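Enquirer: What follows is a structure written as structure tokens; I'll ask about it next.
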Amino acid sequence: MDILLAFIFGGAYGGVLHYLMPGRTSRGSAVAPVLGGVLGGVVWMALTWAGLTTLDPWLWILSIAVPAVVVPAVLAILTRVRANHDARERLRLKIS
């Protein structure tokens, strides 16, 4: 049941990042929270399969830190890719 905390922390962090990072109009509102929640849960699952228990601090640290590092990077990349794609489409369609 403690894996729910990893999902909640990751999802909450992703939700906050959705509003704090620029370009949120070019992303779906659920992308960041879902990505954060999934990352938190997958890290937790992988570490418990590796033998860590809830008494190990690395389980908690990594399940919170990985979404905190990966989600902003993915959102920045998605925003940049979407802006470039939109610019190319504007040129192709001759829209100013």
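Enquirer: When the residues of region 1-20 are narrowed to those that are within 21 Å of ARG80 (Cβ to Cβ) and over 12 Å from the mean Cα position of the chain (by Cα), which ends up surrounded by the fewest Cβ atoms within 10 Å (Cβ to Cβ)?
Expert: TYR19
Enquirer: Okay, moving on. Here is a check on your reading of the model: is ALA73 surrounded by fewer than 17 Cβ atoms within 10 Å (Cβ to Cβ), within 23 Å of ASP86 (Cβ to Cβ) and either touching a strand residue (DSSP E or B) at 6+ places or on another chain (Cβ under 7 Å) or not charged (D, E, K, R) (or both)?
Expert: Against the criterion (surrounded by fewer than 17 Cβ atoms within 10 Å (Cβ to Cβ), within 23 Å of ASP86 (Cβ to Cβ) and either touching a strand residue (DSSP E or B) at 6+ places or on another chain (Cβ under 7 Å) or not charged (D, E, K, R) (or both)), ALA73 qualifies.
Enquirer: Mind checking which pairs have a first residue in region 56-67 that is of a type in the set (Val, Ile, Thr) and a second that is part of a helix (DSSP H, G or I), Cβ under 6 Å, 6 or more apart or different chains?
Expert: The qualifying pairs are ILE64/PHE9; VAL66/LEU39; VAL66/VAL43.
Enquirer: Could you please find all residues in region 21-55 being outside any helix (DSSP H, G or I) and either without any contact (Cβ under 8 Å) to a residue 40 or more places away in the chain or within 9 Å of the chain's Cα centre (by Cα) (or both)? Before the answer, list the steps.
Expert: Kept after step one, since they are outside any helix (DSSP H, G or I), are these residues of region 21-55: 21-23, 27-30, 50-55.
Of everything in region 21-55, those that are outside any helix (DSSP H, G or I) and either without any contact (Cβ under 8 Å) to a residue 40 or more places away in the chain or within 9 Å of the chain's Cα centre (by Cα) (or both) turn out to be GLY28, SER29, ALA30, ALA50, GLY51, LEU52, THR53, LEU55.
Enquirer: Let me ask something additional. Can you report the number of residues in region 56-96 which are over 22 Å from the mean Cα position of the chain (by Cα) and either of a type in the set (Gly, Ala, Ser) or assigned to a loop (DSSP other than H, G, I, E, B) (or both)?
Expert: 5
Enquirer: Mind listing just one residue for me: the one in region 21-53 that is in contact with an Asp or Glu (Cβ under 9 Å, 6 or more places away or on another chain) and closer than 18 Å to VAL70 by Cβ and, of those, surrounded by the fewest Cβ atoms within 10 Å (Cβ to Cβ)?
Expert: LEU47
Enquirer: Report yes if some residue within region 28-50 is over 21 Å from ILE3 (Cα atoms), touching a Leu at 6+ places or on another chain (Cβ under 8 Å) and at pLDDT below 95; otherwise report no.
Expert: no
Enquirer: Could you please find all residues in region 42-96 being touching a Ser or Thr at 6+ places or on another chain (Cβ under 8 Å) and either among the basic types (Lys, Arg) or closer than 12 Å to GLY10 by Cβ (or both)?
Expert: Once the filter is applied, which keeps residues that are touching a Ser or Thr at 6+ places or on another chain (Cβ under 8 Å) and either among the basic types (Lys, Arg) or closer than 12 Å to GLY10 by Cβ (or both), region 42-96 yields VAL43, TRP44, ARG82, ARG90.
Enquirer: Here's something else I'd like to know. Here are some residues: THR54, THR25. Which one is at pLDDT below 95 and within 21 Å of ARG82 (Cβ to Cβ)?
Expert: THR25
The values are calculated or read from the model by the stated rules, or taken from the named source; none is laboratory data. These figures come from a predicted structure and were not determined experimentally. Backbone-built Cβ (ideal geometry, glycine too); neighbour counts: all protein chains shown.
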